[in-house]
Amino acid sequence: MYKYPTLVSSDWLEKKLNSPNLRIFDCTVWLKPQRNKIYKIFSGKPDYDKEHIPNSDFLDVLALSDKNSKYDFMMPDLEVFSQFMSLKGVGPNTHVILYSRENIQWATRVWWMLKSVNYSNVSILNGGFDRWKLENKTISKLPVKYPKNKFKGNKQRGFFCGKEEVLNNIGNKKVLLINALRKSLHYGIENINYGRPGHIKNSINIPSSLMINECSYIYKSTKELKKIFNEYKLFNMEKVILYCGGGIAATNLAFAITMIGFKNITVYDASLNEWAKNKKLPLEI
């Protein structure tokens, strides 16, 4: 039985680019900081149109989010998600490869969404588009559209959680609550925030950026990643709850924690987009 790797290298992908069962997607979104708000959202499609990995399509994370939610990037219901993936050519016999630009969190977001509906035929391209370019591999401008398929997801419990689960575990010493945002946002020392400055009470800060080697764009080794999380006694915990601004950076931590072998992970999907705007929910600076 074919085992789908968690991570694939650019060399691996280069050799298999024309495999008929591969579905390669650029998942890039840009968050541009604004003077009076945390960010403005821009699709990565124009960048895809200029240049992309050959035989890859663009997967719009914004279009794959719940249109009925007042919060950005929320997981849609199973039927909407399945229809979207079917139209993208994803099905039971395809192998999905995900990448993004500058920040791998957009690829890991889609990876986590797919895992949450029991789709395991999915890998992250280590280093994303930046590593691909750094290695001077072939670039294309040709748009790609895969033939329609039949995606059938099966929603799994525990991949995403709401504010109630976070509240119920704020004082639980067996649950590690981690903020994946940069330190300045965690400590509330920036002029911009998600509604109120600071972090969820009793949460620690492990920025998503720490998972990646800056110069090479690739993930740190499992040994290095274990060292980061062992500082907080990860493997003594029963569960990890991850959050950020909108459930995106948190999935990069979910990916790294999965790679080092810890399994009981949930992502607070609405994250600070919801928590910071509700004054009844406890924040610390």
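The values are calculated or read from the model by the stated rules, or taken from the named source; none is laboratory data. Model, not experiment: these values are computed from the prediction. All Cβ positions, even for glycine, are placed from backbone atoms using ideal geometry, and neighbour counts span all protein chains on display.
Of all residues in region 160-174, exactly one satisfies the criterion of being under 16 Å from Asn273 (Cα atoms) and of a type in the set (Lys, Arg), namely Lys163.
Of all the helices (runs of 4 or more DSSP H) wholly in region 1-99, which have at least 3 residues that are of a type in the set (A, V, I, L, M, F, W, C) and either without any contact (Cβ under 8 Å) to a residue 12 or more places away in the chain or closer than 25 Å to Phe159 by Cβ (or both)? Before you say what the answer is, go through the steps one by one.
Values: elements: 10-16, 45-50, 78-87.
Result: 78-87.
Scanning region 4-39 for residues that are in contact with a strand residue (DSSP E or B) (Cβ under 7 Å, 6 or more places away or on another chain) and surrounded by fewer than 16 Cβ atoms within 10 Å (Cβ to Cβ) yields Tyr4, Pro5, Thr6, Leu7, Lys16, Asn21, Lys32, Gln34, Tyr39.
Yes or no, residue by residue, for (1) in a helix (DSSP H, G or I); (2) outside the structural domain of Val110 (by TED's automatic domain parsing); (3) closer than 23 Å to Phe73 by Cβ; (4) among the polar types (S, T, N, Q):
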{"position": "Pro197", "(1), (2), (3), (4)": "no, yes, yes, no"}
{"position": "Tyr232", "(1), (2), (3), (4)": "no, yes, no, no"}
{"position": "Phe235", "(1), (2), (3), (4)": "yes, yes, no, no"}
{"position": "Ile241", "(1), (2), (3), (4)": "no, yes, yes, no"}
{"position": "Gly245", "(1), (2), (3), (4)": "no, yes, yes, no"}
{"position": "Asn252", "(1), (2), (3), (4)": "yes, yes, yes, yes"}
{"position": "Phe255", "(1), (2), (3), (4)": "yes, yes, yes, no"}
{"position": "Phe262", "(1), (2), (3), (4)": "no, yes, no, no"}
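Yes/no per residue for (1) outside the structural domain of Lys32 (by TED's automatic domain parsing); (2) crowded, with 20+ Cβ neighbours inside 10 Å:
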{"position": "Ser100", "(1), (2)": "no, yes"}
{"position": "Gln105", "(1), (2)": "no, yes"}
{"position": "Lys115", "(1), (2)": "no, no"}
{"position": "Tyr146", "(1), (2)": "yes, no"}
{"position": "Gly171", "(1), (2)": "yes, no"}
{"position": "His186", "(1), (2)": "yes, yes"}
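Each residue in region 207-253 was checked for being surrounded by fewer than 19 Cβ atoms within 10 Å (Cβ to Cβ), in contact (Cβ under 8 Å) with a residue 60 or more places away in the chain and farther than 15 Å from Ile265 by Cα, and 1 pass.
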